[in-house]
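These notes are about the structure you will find just below.
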Amino acid sequence: MKKIITYGTFDLLHWGHILLLQRAKNLGDYLIVALSTDEFNLVKQKVSFFNYEKRKLMLDAIQYVDEVIPEFNWEQKALDIQNNQVDILVMGDDWKGQFDYLKPHCEVMYLERTKGISSTIIKKRAFQER
Ligand code: C2G
């Protein structure tokens, strides 16, 4: 069974996230999403609109997602890959090159980011249309 892992906050879930998850799943048989905790979001200088519990609830409902685990810090990826027998780490290409240090543990792939949508765009549009 080919196992895939990807990491992220996945706030204000949108089609850019879904297309990333769909493409990641299509690379193997089992997709793990390591979801940034609210505390780790602060480390990433992000405050998500929805808390971890709600963001996990939404990811668990997506057909491409087989398992959701917490992402507590930057350093856990190598352990996650080993502990879960991961074959491929997949990230959007806004992260291109950032996770190549994990190549000794698994394949690392960067997929093209979906243009024209982001959680930030959603927040801005929602604010303007108040
Ligand atoms: N993404 C995408 N297209 C978009 C928006 C996001 O393909 N329009 C991808 C990102 O490239 C990322 C994933 O969806 O691979 C999740 O995006 P974020 O929640 O913004 O993830 P980020 O905050 O970058 O967290 O340790 C890694 C970090 O936790 C990544």
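The values are calculated or read from the model by the stated rules, or taken from the named source; none is laboratory data. Everything numeric here is computed off the predicted structure, so don't read it as measured data. Glycine also receives a Cβ, built like all others from the backbone with ideal geometry; neighbour counts cover every protein chain displayed.
When only residues in region 1-11 that are within 9 Å of the ligand (Cβ to nearest atom) and either modelled with pLDDT under 95 or not polar (S, T, N, Q) (or both) count, which is surrounded by the fewest Cβ atoms within 10 Å (Cβ to Cβ)?
Ranking the qualifying residues of region 1-11, first place goes to GLY8.
So, LEU42, is that one assigned to a helix (DSSP H, G or I) and under 30 Å from LYS124 (Cβ atoms) or not?
yes
Go through region 98-130 and count every residue that is within 15 Å of the ligand (Cβ to nearest atom), among the aromatic types (Phe, Trp, Tyr) and surrounded by fewer than 13 Cβ atoms within 10 Å (Cβ to Cβ).
Final tally of qualifying residues: 1.
Would you call ILE62 over 17 Å from ILE5 (Cβ atoms) and either touching an Asp or Glu at 6+ places or on another chain (Cβ under 8 Å) or hydrophobic (A, V, I, L, M, F, W, C) (or both)?
no
Looking at VAL33, VAL43, can you tell me which residue is surrounded by 11 or more Cβ atoms within 10 Å (Cβ to Cβ), at pLDDT 95 or above and under 23 Å from LYS3 (Cα atoms)?
VAL33
Among the candidates TRP74, TRP95, single out the residue that is over 12 Å from THR6 (Cα atoms) and within 9 Å of the ligand (Cβ to nearest atom).
TRP74
Under 8 Å between Cβ atoms, which residue pairs at least 6 apart in sequence (or on different chains) link something in region 107-126 that is more than 11 Å from HIS17 (Cα to Cα) with a partner that is of a type in the set (Phe, Trp, Tyr)?
Filtered contacts from region 107-126: VAL108/PHE99; TYR110/TRP95; LYS123/PHE49.
Find the strands (runs of 3 or more DSSP E) located wholly in region 60-130 whose residues include 1 or more that are under 23 Å from PHE50 (Cβ atoms) and not hydrophobic (A, V, I, L, M, F, W, C), and list them.
Counting at least 1 such residues, we get 67-71, 88-92.
Show the residue pairs meeting these rules: Cβ distance below 7 Å; 6+ apart or different chains; first residue within region 60-81 and in contact (Cβ under 8 Å) with a residue 60 or more places away in the chain; second residue of a type in the set (Gly, Ala, Ser).
Going by the 7 Å Cβ cut-off, the qualifying pairs are GLU71/ALA34; GLU71/SER36; ASP80/ALA34.
Checking ASN51 against (1) surrounded by 18 or more Cβ atoms within 10 Å (Cβ to Cβ); (2) away from the ligand (no atom under 12 Å from the Cβ): exactly one of these is not met. Which one?
(1)
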